[in-house]
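Structure first, then comments.
The values are calculated or read from the model by the stated rules, or taken from the named source; none is laboratory data. The structure presented is a predicted model; accordingly, all values stated were derived computationally and were not measured. FYI the Cβ positions are ideal-geometry reconstructions off the backbone, even for glycines, and counts take in every protein chain you see. Each accessible area value is taken on the protein alone, full model and side chains, heavy atoms only, with ligands, DNA and RNA left out. Shrake-Rupley method; radii C 1.70, N 1.55, O 1.52, S 1.80 Å.
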Amino acid sequence: WVTEYPHEDQLVTAYFAAGNGGNIVVVVPEADLVIAFYGSNYSDAALFVPQRVLIPEYILPAVSRTSD
């Protein structure tokens, strides 16, 4: 999957693979970042918390984009 997140006043593209229960691997090339979550929230909306809340609100603000 592909999505965009706001980061440092711009949008950055993130590529991710998501599995049942909340297992997710996310790559954000512009931030030189790979994120992995392992979960077992089967049939529960909590499985979306990492990509909808944790990444944009906590993880991305904690890192800087790499310079070209």
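Details
- Phi angles across segment 30-38 convert, under the Karplus curve 6.51 cos²θ - 1.76 cosθ + 1.60 with θ = phi - 60°, into 3J(HN,Hα) values of 5, 9, 6, 9, 10, 10, 10, 10, 10 Hz, Gly and Pro given as x.
- Ratio of Rg to Rh for the chain: 0.98 [Cα atoms; Kirkwood radius as inverse mean 1/r over pairs].
- Solvent-accessible ranking of Glu57, Glu30, largest area first, probe 1.4 Å: Glu57, Glu30
- Cα lying deepest toward the dipole's positive end in the chain, options Ile55, Ser40, Ala18, charges on Cβ: Ser40
- Amide H partners (placed H, <5 Å) of Leu33, local residues excluded: Val28
- Residues whose placed amide H lies under 5 Å from that of Ala14, excluding near-sequence neighbours: Thr3, Glu4, Tyr5
- Mean Cβ neighbour count within 10 Å, used as a protection proxy, ranking 16-24, 2-10 highest first: 16-24, 2-10
- Rounded to the nearest 10 square angstrom, Leu33 shows an accessible area of 30 square angstrom against a 1.4 Å probe.
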